[in-house]
Structures are given as C-alpha cells and as structure tokens.
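Written out below as structure tokens is the structure these notes cover.
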Amino acid sequence: MANKSVIKNVNEHVGESVVIGCWVNNKRSSGKIQFLQLRDGTGYIQGVVVKSEVPEEVWDAAKSLTQESSLYVTGIIREEPRSQSGFEMTVTGIEVLHLTENYPITPKEHGVDFLMDHRHLWLRASKQRAVLVIRAEIIRAIQQFFNESGFTKVDPPILTPTSAEGTTNLFHTKYFDEDAYLTQSGQLYMEAAAMALGRVYSFGPTFRAEKSKTRRHLIEFWMIEPEMAFTDHEESLKVQEEFISFVVQSVLKNCRAELEAVGRDISKLENIKAPFPRISYDDAIKFLNDKGFEDIAWGDDFGAPHETAIAEAYDKPVFITHYPASFKAFYMKPDPNRPEVVLCADMIAPEGYGEIIGGSQRIDDPALLEERYKEHNLSMDSYKWYMDLRTYGSVPHSGFGLGLERTVAWICGLDHVRETIPFPRTLYRLYP
Ligand code: 4AD
Ligand code: MG
C-alpha cells in the first residue's frame, strides 16, 4: 500500500508510489492516454493514465471521472519540467469516492450573481483558493509582526452596549432585556487593555450596517486594532508603515505562486517599503482643488474618487493626516497647535484601493473628553468606564485599525472586496 501524500509535498516522493485524496479539476483524453488535472487544496498535479499500462478497471474509472468528482489516486511521482508544478503522476490506481454530475461552475464565464450564489463551490476555483491562501499569509504576517514587536494579543467583546464609531451604522440586537449592538470596532476596549498591558492588538470581526454598495464595503469585516500606551501620533505612524511594509514583503516572499495565480503585477508591491509619504488634510484639499475637483472644500470628508486621485500621486501607501475634528470620531486628540484639526491619519493604499488604516492619538485629558461626550450626545452612564481610563493614570496613547479585506484586495489586486473573504456579507446578501 502506497503512502498518503498531499500535492504540495510530492517533491519529497519522486520515484515513489503515493496515494492522494483529490478532486478532478479538468480532464482531457487522446484516446490512449487520459490526462487528469487534479487538485487537493494544497496544489495541482496532472495524473497521466496510459491505457496500455493500467488494468482495464483503472482505465474505465478514469473515463468515468467528471469535473469535481472525488477520488483516491495512486501513482508514481515523476519530475516533469514542462508542467507548472514541475511534477507529474503516472497513475496506477483509482478509487472513485464520488462521481459528480452537472457541476454548476463550468470553465466558461459566469456572472457575479451566479458565482456569489454558488460561493460555497466557487471557493474551489484556483483564483479563489489563491486569494484565501494570501489572506491566511497576511494574517500570519500580521500576528508575527505584533508578537515580535512587544504587543500582547487581546480579544475585545463582540456584543457591546454602546457604539465606538458613531451610531448610524450599528447592528442592533437584544441582550435578554437590554439593547445590544454588534461591535463596530474594539478600540475603546483596547484602550483599557493598553492601560493594563502597554502594547496590545486585537484581531476580530466587526460589523457595520452601512447602506453602501461599493467595491470597498462589507457589512462584516475583520479588523486588526493595535493600541499603544505612551505613544504619540508620530510614533504610531512609524509603527504603521513598518507594519504594512512587513506584511507586503512577507506575502512577496511566501506566496509567489498564489500572486501569480491571481495575476498580480508584483513590481507594484516590491516597492512597498517604509517610510511612506505623508500629506496633511489641508494640502490634500489644495491638491484636489488644483486638480480640478470643485466638489470638495475644507471641512468636507473625502469620497472614493478623492482618495484615488491623492493615491495616484504616489507609488506607496500615503498617510493623510490632521483632519478637521468636525467629522472625525469623538475620542481623537486635537492638535495642540491647531485645535480645529485632530492628531489622526488615514493610510490610503495605492492603485485606487482606498483607506486601509484609520488611526489617531486619543484624548487623554478627562475634562476635554467630558466636553466631547456632551458635543456628541454620548451618555455618561454608558461611557463611564471609558472615562475611568482618563481618571486613573491617564497617559498619551495612540492606536489604529487595519481593515483586513481591503488589504487583501490591494495586495491581490482584486476589483472588489467580496472575493477577499470566504463568505462575504454585502448589502442585501446573506446567502450562502
Ligand atoms: O477608519 P475606521 O472606521 O476606524 C476605526 O474603527 C478605529 N476605531 C480604528 C482604531 O483606531 N482602532 O475603520 C478602520 C479600517 C478602515 O480603514 C478600513 O480599512 C476598514 O477598517 N473598514 C472597512 N472595511 C470593509 N468594509 C467596511 N464597511 C469597512 N469600514 C471600515
Ligand atoms: Mg476611517
């Protein structure tokens, strides 16, 4: 009985007989030879079945196989320089596990709605698989970066009594007799954790009931939220650019084949190394007005076309800093020299992928925070615990949130965030 292997490891079995559990991706036949394109999730290999060299039942089993049929295939691994993986299998045995009939996703083109309705099967496509492998590498690199930089992983709650990022897009639910909301951001809890552990990061799902149907918005997305005690805005920007450089370089190093499978222009990523350029909100408004954007003036927030125009001026991510306090979150610390703007920055990815990070230094003065509560109509009851962080040993502190799916979309060069997460939750789509 041959040893079990997976396609990724066949290089360790050249000249040996192995068994691989797999699915049929595709098949062609020349009458006397059948070529099986096999996949097992770890990779792809061609199995060659030669009529004159196998028992009749093996030949017939190969003939019966259809797209997405499952099987155990046995065969000898050979080096094959002409194949993409560098290896091929000379098939000696086939145990059919399940014959598939009428697999809905055929090699022809399908529309987006059809593919989204069949997302549970679409995941098997080579491009979708590659995206999920890159997503996993991005997550791994993120955790490596923070674990090796003195951060402790902390998990904020998902069910919360209040909002962190404004009340307009909260998902409401009941918590027995109380009202509760799915978290929009773990930040406020991460600030508490930073006062206990110094440097912390979270990584978890967040929910925003945003009525936005754009290529950048998901209803459920994953966020990485580092929070750092004794850290000012400027120091936080340095962490952010080092962090993003590390993640991009890790993907380049560890996911070459997958980047190729998604068709990414790698030269655009090779350049992503700290430091990143910075532009103030003031200068960004001037830049846009000079470019002919007449629909934006000081005090307005940027839309996607504005972000894209600014990003196009750079070949790396760019920080837009010092936004007006008027449309930013209540917890952001005003610039001491110019209180109408706050010590914050959004990191805008190149190539039109938009904002991937939002971050700021936080208000540490209890009196100012209380003022903000009043301006934003936040109830002292709900946010008393957050005020306590300023009442007891307040320190300068900063943090930021990286949207995982937008980061995956950028690194993979995808048109839409819906392909960056296994089962996307988008406006009006909850199935499958
Ligand atoms: O800019 P945001 O709203 O910042 C916060 O939530 C802060 N509390 C983070 C912090 O300082 N700890 O969101 C952070 C990032 C955005 O830059 C974007 O990448 C992503 O989260 N994001 C979304 N991604 C997909 N779909 C959505 N609807 C998103 N909303 C935000
Ligand atoms: Mg933001």
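The values are calculated or read from the model by the stated rules, or taken from the named source; none is laboratory data. Everything quoted here is computed from the prediction, not taken from an experiment. Using ideal geometry, Cβ is built from the backbone for each residue, glycine included, and neighbour counts are taken over all protein chains shown. Heavy atoms of the whole protein, side chains included, go into the accessibility calculation; ligands, DNA and RNA do not. Shrake-Rupley method; radii C 1.70, N 1.55, O 1.52, S 1.80 Å.
Under 30 Å between alpha carbons, and skipping anything fewer than 8 positions from Lys273 in its own chain: which lysines qualify?
Correct list for Lys273: Lys127, Lys153, Lys238, Lys253, Lys286, Lys291, Lys316, Lys328, Lys333.
Let me check I have the definition right: for segment 323-432, take the eigenvalues of the Cα gyration tensor, multiply each by 5, take square roots. What are those semi-axes in whole Å, largest first? Please list the in-between numbers first.
On the way: eigenvalues 222, 65, 31 Å².
Calculated on Cα positions only, the semi-axes equal 33, 18, 12 Å.
Dipole of segment 339-432, Cα-centred, from +1 at each Lys and Arg C-beta and -1 at each Asp and Glu C-beta, to the nearest 20 debye?
Approximately 360 debye in magnitude.
Whole number in Å², please: accessible area per residue of segment 196-235, 1.4 Å probe, ligands, DNA and RNA not counted. Walk me through the intermediate numbers first.
Working: 1770 Å² over 40 residues.
Ligands and nucleic acids excluded, the figure is 44 Å² per residue.
Rounded, prolate or oblate for segment 376-419? Axes are the square roots of the Cα gyration tensor eigenvalues, ordered a ≥ b ≥ c, and the cut-off for rounded is a/c under 1.5. Don't jump to the answer; show the numbers that get you there.
Numbers: a/c = 5.66, a/b = 2.50, b/c = 2.26.
Since a/c reaches 1.5 and a/b is larger than b/c, the shape of segment 376-419 is classed as prolate.
Using modelled amide H (1.01 Å from N, peptide plane; none on Pro or chain starts), what sits under 5 Å from the amide H of Asn25, excluding residues fewer than 5 places away?
Gln37, Leu38, Arg39, Glu68
Considering all alpha-carbon pairs of the chain, what whole percent are spaced by more than 41 angstrom?
Percentage above 41 Å: 29.
Checking the cross-link filter: which aspartates and glutamates have an alpha carbon closer than 15 Å to that of Lys384, excluding same-chain neighbours under 8 positions apart?
Partners found: Glu191, Asp364, Asp365, Glu370, Glu371.
Bin by bin, in steps of 10 Å, what percent of the Cα pairs in segment 155-280 do you find, going until the bin that has the longest distance?
Whole-percent P(r) values from 0 Å outward: 11, 28, 34, 22, 5, 0.
What number in nm² do you get for segment 1-84 if you take the convex hull of its Cα atoms and divide its surface by four?
One quarter of the hull surface, i.e. the mean projection, equals 5.4 nm².
Rolling a 1.4 Å sphere over the protein heavy atoms, what is the accessible area per residue of segment 256-325, to the nearest Å²? Mind showing how you got there, number by number?
Working: 3470 Å² over 70 residues.
Computed with neighbouring chains in place, this is 50 Å² per residue.
Leaving out ligands, DNA and RNA, what percent of the accessible area of the chain is carbon and sulfur, probe 1.4 Å?
51 percent
Could you provide, to the nearest whole Å², the per residue accessible area of segment 42-163 with probe 1.4 Å?
52 Å²
Could you report the accessible area of Met195 in Å², rounded to 10, computed with a 1.4 Å probe on the protein chains as they sit in the structure?
Probe radius 1.4 Å; accessible area of Met195 about 70 Å².
At a Cα cut-off below 23 Å, give the lysines reachable from Lys32, other chains included and same-chain residues fewer than 8 away excluded.
Lys51, Lys63
Would you work out which of Val395, Asn9, Ser245 lies farthest towards the positive end of the dipole of the chain? Charges go on Cβ: Lys and Arg +1, Asp and Glu -1.
Asn9
Determine the dipole magnitude for segment 46-131: charges of +1 sit on the beta-carbon of Lys and Arg, -1 on that of Asp and Glu, nothing else is charged, the reference point is the Cα centre, and the result goes in debye to the nearest 20.
I would put it at about 340 debye.
Could you pull out every residue, at least 5 positions away or on a different chain, whose amide H is within less than 5 Å of the one on Ser280? Hs are placed 1.01 Å off N in the peptide plane, and Pro or chain starts have none.
Amide H neighbours of Ser280: Thr321.
Give, rounded to the nearest 20 debye, the magnitude of the charge dipole that the chain has about its Cα centre when Lys and Arg contribute +1 at Cβ and Asp and Glu contribute -1 at Cβ. Before the final figure, lay out the partial values.
Values: 47 positive and 62 negative charges, 255 e Å.
With Lys and Arg at +1 and Asp and Glu at -1, about 1220 debye.
Positive end of the dipole of the chain, charges at C-beta (+1 Lys, Arg; -1 Asp, Glu), about the Cα centre: which of Val341, Cys412, His110 has its Cα farthest in that direction?
His110
Normalising by the residue count of segment 126-240, find the relative contact order in percent from Cα pairs under 8 Å and 6+ residues apart.
22 percent
Show me, for segment 252-268, the HN-Hα J-couplings you get by feeding each phi into the Karplus relation (A = 6.51, B = -1.76, C = 1.60, θ = phi - 60°), rounded to Hz, glycine and proline as x.
Listing the rounded values in order: 4, 6, 9, 10, 4, 5, 5, 4, 5, 4, 8, x, 6, 7, 5, 4, 5 Hz.
In segment 56-194, how does Rg compare with the Kirkwood Rh, expressed as the Rg/Rh ratio over alpha carbon atoms?
1.17
What ³J(HN,Hα) values, in whole Hz, does the Karplus curve 6.51 cos²θ - 1.76 cosθ + 1.60 give for segment 10-22 when θ = phi - 60°, with x put for Gly and Pro?
5, 4, 7, 10, 4, x, 9, 8, 10, 10, 10, x, 7
Using +1 at the Cβ of each Lys and Arg and -1 at the Cβ of each Asp and Glu in the chain, identify which of His306, Asn289, Leu38 lies farthest towards the dipole's positive end.
Going by the Cα projections, it comes out as Leu38.
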